[in-house]
1. Across region 95-114, which residue is nearest to GLU143 (Cα to Cα) among those that are within 16 Å of the ligand (Cβ to nearest atom) and assigned to a loop (DSSP other than H, G, I, E, B)?
2. Only one residue in ASN101, ASN106 is touching a His at 6+ places or on another chain (Cβ under 8 Å) and open to solvent by 50 Å² or more (accessible area, probe 1.4 Å). Which one?
3. Give just the number: which of (1) among the small types (Gly, Ala, Ser); (2) out of contact with any Phe, Trp or Tyr (no Cβ under 8 Å at 6 or more places or on another chain); (3) under 21 Å from GLN35 (Cα atoms) does SER97 not satisfy?
4. Can you tell me how many residues within region 115-144 are within 16 Å of the ligand (Cβ to nearest atom), assigned to a loop (DSSP other than H, G, I, E, B) and either over 14 Å from SER13 (Cα atoms) or open to solvent by 70 Å² or more (accessible area, probe 1.4 Å) (or both)?
5. List every residue pair whose Cβ atoms sit under 9 Å apart, with the two residues 6 or more apart in sequence or on different chains, where the first one lies in region 98-119 and is at positive phi and the second, anywhere, is of a type in the set (Phe, Trp, Tyr) and more than 8 Å from the ligand (Cβ to nearest atom).
6. So for region 83-92 (the condition being open to solvent by less than 40 Å² (accessible area, probe 1.4 Å), at positive phi and assigned to a loop (DSSP other than H, G, I, E, B)), does at least one residue qualify?
7. Within region 3-16, can one find any residue that is over 17 Å from the mean Cα position of the chain (by Cα) and either at positive phi or in contact (Cβ under 8 Å) with a residue 60 or more places away in the chain (or both)?
8. Among the residues of region 5-56, which ones are surrounded by 12 or more Cβ atoms within 10 Å (Cβ to Cβ), in a loop (DSSP other than H, G, I, E, B) and not charged (D, E, K, R)?
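The values are calculated or read from the model by the stated rules, or taken from the named source; none is laboratory data. Bear in mind the structure is a predicted one, so any value in this text is a computation, not a measurement. Every residue, glycine among them, receives a Cβ derived from its backbone with ideal geometry; neighbour counts consider all protein chains shown. Accessible surface areas use protein heavy atoms only, side chains included; no ligands, DNA or RNA. Shrake-Rupley method; radii C 1.70, N 1.55, O 1.52, S 1.80 Å.
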Amino acid sequence: MFRSGAFVADHVSPTTDSQVQPNGVDLTADVVFEQLEPGRIGRDGKQIGDRVARPLEELEQKEPDTYYLPEGAYIVRYGERIEIPEDHIGFVYPRSSLMRNSCMLNTAVWDAGYEGRGEGLLQVHHDIELERGARIAQLVFAEANHEDFYDGSYQGENVE
Ligand SMILES: O=c1ccn([C@H]2C[C@H](O)[C@@H](COP(=O)(O)OP(=O)(O)OP(=O)(O)O)O2)c(=O)[nH]1
C-alpha cells in the first residue's frame, strides 16, 4: 500500500504545505551538476565521475536564481532531506509539467533506513529554464518488507 502525502511529509524536511500532495511530497531542485569525467561501475565497487555545478543564469539578473539548461543530461540534487522509514521503500517520479516540457527525471530505489539529500538524473530534451527551489519531482512511499537497513556509501549524503 502507498502511504498518504501527510505521512511522507513527516520524513521530508523542510517542506511547505504546497509541497504536500494527496499521495506524496514534491521535491525541489537545489543544485544542478554537469558530469565532466567518466565514472566506473565495477563488479566490486563504483566511482562517480567528477562533476561541476552549472552556473546560474546571470545575463538577465533573474530573481530567484534560475538555471538555463540546454539539451543534455544533468544530475540534480534535491533541496530536501529525506528519511526512508522502517517497513517502507521510496520512489521518485517526475513532476508532469517537467515531462510536458520534454524533460524527464530518472530515478532509482530509495531504501529503508536511507537518510540524505539525494540526487536524480535530469534529462533535458528541449532547453528549459529551471528556478532553483522549483518543484520538479514527487516522492512516494510504499510499505515494504526488508531484513536490514540501508548502510551504503550514500548514507547521510549532502547533509551538514
Ligand atoms: O533516484 C534515486 C534513488 C536513490 N537515491 C538514494 C537513496 C538510496 O537508498 C541510495 C542508494 O541507492 P542504491 O542502493 O541504488 O546505490 P548503489 O549504487 O547500490 O550504491 P551503495 O551500494 O553504496 O548504496 O541513493 C537517490 O539519491 N536517488
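1. ALA112
2. Working: ASN106 fails: touching a His at 6+ places or on another chain (Cβ under 8 Å).
It is ASN101.
3. With respect to (1) among the small types (Gly, Ala, Ser); (2) out of contact with any Phe, Trp or Tyr (no Cβ under 8 Å at 6 or more places or on another chain); (3) under 21 Å from GLN35 (Cα atoms), SER97 is out only on (3).
4. 1
5. GLY113/PHE149
6. Scanning region 83-92, I find no residue that is open to solvent by less than 40 Å² (accessible area, probe 1.4 Å), at positive phi and assigned to a loop (DSSP other than H, G, I, E, B), so the answer is no.
7. Yes, because at least one residue in region 3-16 is over 17 Å from the mean Cα position of the chain (by Cα) and either at positive phi or in contact (Cβ under 8 Å) with a residue 60 or more places away in the chain (or both).
8. HIS11, THR15, GLN21, ASN23, GLY24, ILE48, LEU56
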